[in-house]
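Chemist: Below is the structure I would like to discuss, written out as structure tokens.
The values are calculated or read from the model by the stated rules, or taken from the named source; none is laboratory data. No experiment lies behind these values; they were computed from the predicted model shown. Because the Cβ atoms are built from the backbone with ideal geometry, glycine has one as well, and the counts that use them run over all protein chains shown.
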Amino acid sequence: MPKNAQPWVATLLRTVFEQPDTDAVHAQMKHVLDALEAKFPKAAEHLDAAQHDLLALTAFPYEIWRQIWSNNPQERLNKEIRLRTDVVGIFPDRTAVIRL
């Protein structure tokens, strides 16, 4: 999708996760997919395929959704990977990256 449309799509996706319960989340996701289908069918298809993973947090009680949303563990992992790859610099092949 064009860069100028990305803020609009991001805002649409945020509305999904601002819903108060599981049914509302799934209903809003359907509305978002319908809105995207008209302008960006490939993006809608991609989100529809990933819908199960994106909405996995709805299987848990609403009270802990905020904790599940946090990407702090992922950011910590990314930081650790950056630190280690900076030391190595260039990797000879894919297996070397995976080994690290």
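Chemist: If you take the residues in the stretch 51-75 that are surrounded by 10 or more Cβ atoms within 10 Å (Cβ to Cβ), modelled with pLDDT of 80 or more and aliphatic (A, V, I, L, M), which one is nearest to Ala24 (Cα to Cα)?
Modeler: Residue satisfying both the conditions and the ranking: Leu55.
Chemist: Assuming Pro20 fulfils every condition listed in (1) in a helix (DSSP H, G or I); (2) at pLDDT 85 or above apart from one, which condition is it?
Modeler: So Pro20 meets the others, but not (1).
Chemist: Also, I was wondering about something else. Taking the conditions exactly as written (of a type in the set (Gly, Ala, Ser), surrounded by 14 or more Cβ atoms within 10 Å (Cβ to Cβ) and either in a helix (DSSP H, G or I) or touching a helix residue (DSSP H, G or I) at 6+ places or on another chain (Cβ under 9 Å) (or both)), does Ala10 satisfy them or not?
Modeler: Answer is no for this residue.
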